[in-house]
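Below is one structure; the comments refer to it alone.
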Amino acid sequence: MRVGIIGQGYVGLTISLSAAKVGHSVVGFDLNDALVSSLNSAKSHIEDVTDRALESIIKNKTYKASFEAKDLEGCEVIIVAVPTPLDEERNPDLSFLHSAVELIRQNVKSPALIINESTSYPGTLRNEIAARLEGVEHSFASSPERIDPGNKEWTTKNTPRLVGGLTPEALAKAREFYGSFCDDIIEVSSPEVAEAAKIFENTFRQVNIALVNEFAQIADALGISGREVIDAAATKPYGFMPFNPGPGVGGHCIPVDPSYLAHVANQVGVPATFIKRANEVNLAMPAYVVERVIAGSGGSIKGKKVVVVGVSYKSNIADTRETPAAAVIDLLRDQGASVAWHDDLVGSWRGESSLPIAGADIAVVVTKHDGVNLAAINACGYVFDCTGQVAGVDGI
Ligand SMILES: NC(=O)c1ccc[n+]([C@@H]2O[C@H](COP(=O)([O-])OP(=O)(O)OC[C@H]3O[C@@H](n4cnc5c(N)ncnc54)[C@H](O)[C@@H]3O)[C@@H](O)[C@H]2O)c1
């Protein structure tokens, strides 16, 4: 099939590779012309798509990146994979999605199957996409992306894929498309069910992470190890699922998606109390980390040299979106510490560069990538670990 994929980020580029590898002819469309040029020179910007894989689909002529919206015309399948962030009031910001839809409206005059993979609240496909594209006989399906960047075990191929169509024909065509590169397609009765399932999955994680973050604070105050308790509880073979405490939640999904559910819940008059409380607990974790660092390192960090190790939101990826490291650094600085950060994968961020760990009085490990210099961390006078992966030091 001829496939146009709008947005060449974590989601769009990954799907582009999966579809191109099985022989679909893929146009990867993005508004960022520098990104388009680098993709066309086989330079990938995400960890799960190697330069080599990109090179091979470019050579086979099954993939090309483009910033010309007219290249979308004639595609049988068009996928929307653009950011769906929150605005300043933490309400859904669908401006990227609306602009992608407008591009389709202006440039795609032949009927296509339009699939939304961007995460959003139930009703988005019907009301924010299909309703804006009346006049051409398009069909519409929703297939929210579940990809977990950096996860080697669960990939686009073997993660079950939810699909809901506005019509049976749309659902059948979406099944045919995804069935060409995904092992397991799960049809649901409507796009709204697929959309809601995705945000409920991430709300489940957000609420459980908040619960475990609160529990870690209780355990510490009781003088026991929260992580040892969680490991002990996880020996129960049924009815318990372990989550790990940490410095807060990051990335484009867990801190954001539950607020999309809260938004529609409010519209239908149901208070989303768990989501609100979980946000409060998770957003307060950086302050808790800094409090513990101050208490654990002698009562004041004024004038001390602190290095924050790992600033991306999770191990072994360079994504710093919504990372709790930002608040940890700002709060440490508010306390008068001289704060640098170290992250080989991120390199530069917020106008600053990664600096060596050596020479700091205090190391605060926010995210631990494989291969980070543990000896350098342990050589710091005081170490606070938010990850549970640095043995024998203070931490959550
Ligand atoms: N990153 C993840 O782990 C993940 C996982 C599952 C679902 N999602 C969801 O997928 C969607 C995309 O997320 P992402 O992480 O791939 O974002 P991203 O920021 O990595 O990539 C989005 C790309 O879209 C481009 N873009 C924005 N507006 C555009 C437009 N109108 N036309 C063309 N290109 C446009 C941007 O330039 C960018 O390159 C979001 O809804 C997100 O919640 C993300």
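Points worth noting:
- Once exposed loop GluC sites (Glu not before Pro) are cut out (DSSP; at most 12 other Cβ, 10 Å), longest piece of the chain: 154-396
- Along the chain, longest interval not containing exposed chymotrypsin sites (Phe, Trp or Tyr not before Pro), exposed being DSSP loop plus at most 13 other Cβ atoms within 10 Å: 241-396
- Along the axis of the charge dipole computed for the range 68-198 (Cβ charges of +1 for Lys and Arg, -1 for Asp and Glu, origin at the Cα centre), the listed residues Val108, Asn91, Gly164 are led at the positive end by Gly164.
- Stokes-Einstein diffusion coefficient of the range 155-292, Kirkwood radius over Cα pairs, 4 °C, 1.567 mPa s, in µm²/s: 74 µm²/s
- Were the residues from Lys59 through Asp370 laid out at 0.36 nm apart, the gain over their Cα-Cα distance would be 108.7 nm.
- Across the options Val26, Met241, Ile78, the greatest Cα extent toward the positive end of the charge dipole of the chain (unit charges at beta carbon of Lys, Arg, Asp, Glu) belongs to Val26.
- Around Ile275: net Lys/Arg minus Asp/Glu count, Cβ-Cβ under 14 Å: +1
- Shape category assigned to the range 189-251 from the gyration tensor of Cα positions, a/c cut at 1.5: oblate
- Cleavage-rule hits, trypsin sites (Lys or Arg not before Pro), the range 153-213, DSSP coil, Cβ neighbours within 10 Å at most 15: Lys157
- The range 299-396: translational diffusion in µm²/s, Stokes-Einstein, Kirkwood Rh over Cα pairs, 25 °C, 0.890 mPa s: 186 µm²/s
- Placing unit charges on the Cβ atoms only, positive for Lys and Arg and negative for Asp and Glu, gives the chain a dipole magnitude near 360 debye about its Cα centre.
- Nonlocal amide H pairs with His342, under 5 Å, H built at 1.01 Å: Val308, Val309, Gly310, Leu355
- Between 0 and 90 degrees, the angle of helix 95-107 with respect to the longest Cα principal axis of the chain falls at about 20 degrees.
- The range 20-74 and the range 346-365: distance between their alpha carbon centers, rounded to Å: 33 Å
- Folded to 0 to 90 degrees: helix 324-334 orientation relative to the chain principal axis, Cα: 40 degrees
- Calculated [θ] (222 nm, deg cm²/dmol) that DSSP helices of n ≥ 4 give over the chain, each run adding -39,500 (n - 2.57): -11500 deg cm²/dmol
- Student exercise, the range 209-323 dipole from Lys, Arg, Asp, Glu Cβ charges, in Debye to nearest 20: 280 debye
- Charging the Cβ of each Asp and Glu at -1 and of each Lys and Arg at +1, and nothing else, the dipole of the range 237-396 about its Cα centre rounds to 220 debye.
Coordinate-derived values only; no laboratory data. Because the structure is predicted, anything quoted here is derived from the model rather than measured. Here Cβ is always computed from backbone atoms with ideal geometry, including for glycine, and neighbour counts include all displayed protein chains.
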